[in-house]
Structure formats: structure tokens, C-alpha cells
Amino acid sequence: MHARTSNRLKPCSKAMDEYISQVYKLAEKLSELMCENLGLEKDYIKKAFSGPRGPSVGTKVAKYPRCPQPELVKGLRAHTDAGGIILLLQDDQVPGLEFFKDGKWVEIPPSTNNTIFINTGDQVEILTNGRYKSVLHRVMADENGSRLSIATFYNPVGDAIISPAPELLYPHSLSFQDYLKLYATTKFTDKSTRFKSLKKIAGGQAKLLV
Ligand SMILES: O=C(O)CCC(=O)C(=O)O
Ligand SMILES: [Fe+2]
């Protein structure tokens with residue numbers, strides 16, 4: 001009986017393995033794009049998340065049952081995700097997912113055309129020193145149908161200690177009066193140029209020539 005059941009599940013688990021290996025590649029690509037966007041080495045996130053066998057990747061399949069009184073419960077209460085990059089394939093008919101944006105809950109429609117929603121977790125916010133935020137989200141209950149969601153988590157391994165990438169910190173060694181001297185010569189330039197000079201001065205690669 002047990003053997004028959006697992007045979008019947010084989011095509012399903014094969015499809016799942018194929019799906020996971022594709023979303024894994026997508027997560028990796030996204031992590032590289034984020035790094036590129038922030039001026040980090042493109043494998044910075046991957047390396048920070050990895051143990052000897054790469055980052056920790058897991059997939060969670062959830063079924064939210066139809067709920068006759070959706071005003072009384074949530075499918076999943078508001079939270080941010082703890083980990084890294086989350087790739088979410090959700091039901092193609094029953095809605096429920098909402099993201100908190102600009103002070104409002106924004107409803108995400110059911111996934112058509114296999115749309116995958118990407119969410120960044122707390123470790124990405126920490127590693128990027130807040131440039132990519134983890135987003136508050138929740139799942140509402142639905143009275144018309146049950147909802148399927150498949151979430152894949154591209155996370156750090158358990159013993160990884162994630163801290164802000166040094167390139168994204170604002171280290172500097174200037175007193176405020178010296179800062180004002182730098183500021184006086186760069187006031188009307190883009191502030192990122194000023195912050196870059198600050199880092200160079202802190203790293204001993206440049207001197208304040210005033
Ligand atoms: O099921 C969903 O659509 C969201 C799941 C989720 O937010 C989570 O597992 O952290
Ligand atoms: Fe979540």
C-alpha cells in the first residue's frame with residue numbers, strides 16, 4: 001500500500017524537483033542582480049548565505065482551506081519573512097496574499113501565467129543595510145475557495161551570521177567640522193559621491209585637502 005502510494009507520487013515529486021531547481025536558479029540570478037545594483041561582488045549574497053553545500057533552500061506547499069467566516073480569522077497573520085529571497089507561486093484562482101506598501105494593504109491577484117512573486121526577508125534587509133527592505137505581508141482567508149501556495153525560500157544556512165556588507169556602511173573618520181569642509185566643496189553634487197569620498201578617507205585612500 002505504502003509502495004503504491006509513493007509510486008503514484010513519483011511524477012509529482014519529479015515535477016517538484018524540476019520546479020525547485022528552476023526557482024533556485026531564479027533566486028540566484030536575483031541575488032546577483034541585487035548585488036550588482038548595490039555595487040557588491042555579484043556572488044556576495046550567495047557566499048554570505050552559503051555553507052559547504054551552498055545556501056539553504058526549501059519549499060513549502062500550503063493549502064488554506066475555504067473559510068465560511070473570513071472576517072474572523074486570517075490565513076496567515078502579518079509578518080516579514082526571516083530569511084533571504086522568497087519566491088512565491090500562488091493559486092491561479094483564489095486570492096488572499098497582501099503586501100503592506102505606502103501605509104496600505106495591497107491585494108495581490110491570483111497568479112496567472114505562472115507569475116512568481118518575489119519577496120525579500122529580514123536577512124536581505126540586514127545584509128544590504130536596509131537598501132532592500134523585508135516587506136510586511138499577510139494572507140487573508142477566503143469564503144469562496146481554498147487556496148494553494150508554493151513558497152520557495154532561498155535562505156542563509158543555519159550557522160550563517162549575516163551582517164551588513166561593509167561596502168554599504170557609512171564609515172567615516174571625520175569630525176563634523178571636517179565633514180562640513182568636505183560638504184562645502186561637494187554640496188551641489190550627488191550625495192553618493194560625497195559618501196564615497198568619506199569612505200575613501202576612512203579607508204586611508206584619500207585625505208581631506210582643506
Ligand atoms: O502562502 C502565501 O501566499 C504566503 C506564505 C508566507 O507568507 C510564508 O510562508 O511566510
Ligand atoms: Fe511570509
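The values are calculated or read from the model by the stated rules, or taken from the named source; none is laboratory data. Worth saying up front: this structure is predicted, and the values here are computed from it rather than measured. Because the Cβ atoms are built from the backbone with ideal geometry, glycine has one as well, and the counts that use them run over all protein chains shown. Side chains are part of the model used for accessible areas, which takes the heavy atoms of the whole protein and leaves out ligands, DNA and RNA. Shrake-Rupley method; radii C 1.70, N 1.55, O 1.52, S 1.80 Å.
Let me confirm something: among Lys46, Lys104, which residue is more than 15 Å from ligand 1 (Cβ to nearest atom), free of Cβ contacts under 8 Å to residues at least 60 places away in the same chain, open to solvent by 60 Å² or more (accessible area, probe 1.4 Å) and under 17 Å from Lys29 (Cα atoms)?
The conditions single out Lys46.
Are there any pairs with C-beta distances below 6 angstrom linking a residue in region 71-84 that is in the same structural domain as Asp142 (by TED's automatic domain parsing) and touching a residue at least 60 places away in the same chain (Cβ under 8 Å) to a residue that is assigned to a strand (DSSP E or B) and hydroxyl-bearing (Ser, Thr, Tyr), with the two at least 6 apart or on different chains, and if so which?
Gly75/Tyr64; Gly84/Tyr154
Select from region 124-151 the residues that are basic (Lys, Arg) and more than 10 Å from ligand 1 (Cβ to nearest atom) and list them in ascending order.
If the condition is that a residue be basic (Lys, Arg) and more than 10 Å from ligand 1 (Cβ to nearest atom), then Arg131, Lys133 are the ones that fit.
From the list Ile161, Ile116, which one is in the same structural domain as Pro95 (by TED's automatic domain parsing) and open to solvent by 30 Å² or more (accessible area, probe 1.4 Å)?
Ile116 is the lone residue from the list that is in the same structural domain as Pro95 (by TED's automatic domain parsing) and open to solvent by 30 Å² or more (accessible area, probe 1.4 Å).
For Val73, all conditions in the list (1) surrounded by fewer than 16 Cβ atoms within 10 Å (Cβ to Cβ); (2) within 16 Å of ligand 2 (Cβ to nearest atom) hold save one; what is the number of the exception?
(2)
If I filter region 74-88 down to residues being near ligand 1 (Cβ under 9 Å from one of its atoms) and aliphatic (A, V, I, L, M), which single residue comes out as farthest from Tyr64 (Cα to Cα)?
Ala82
All but one of (1) part of a loop (DSSP other than H, G, I, E, B); (2) within 11 Å of ligand 1 (Cβ to nearest atom) hold for Val157; state the number of the condition that does not hold.
Evaluating Val157 over (1) part of a loop (DSSP other than H, G, I, E, B); (2) within 11 Å of ligand 1 (Cβ to nearest atom) leaves (2) as the failure.
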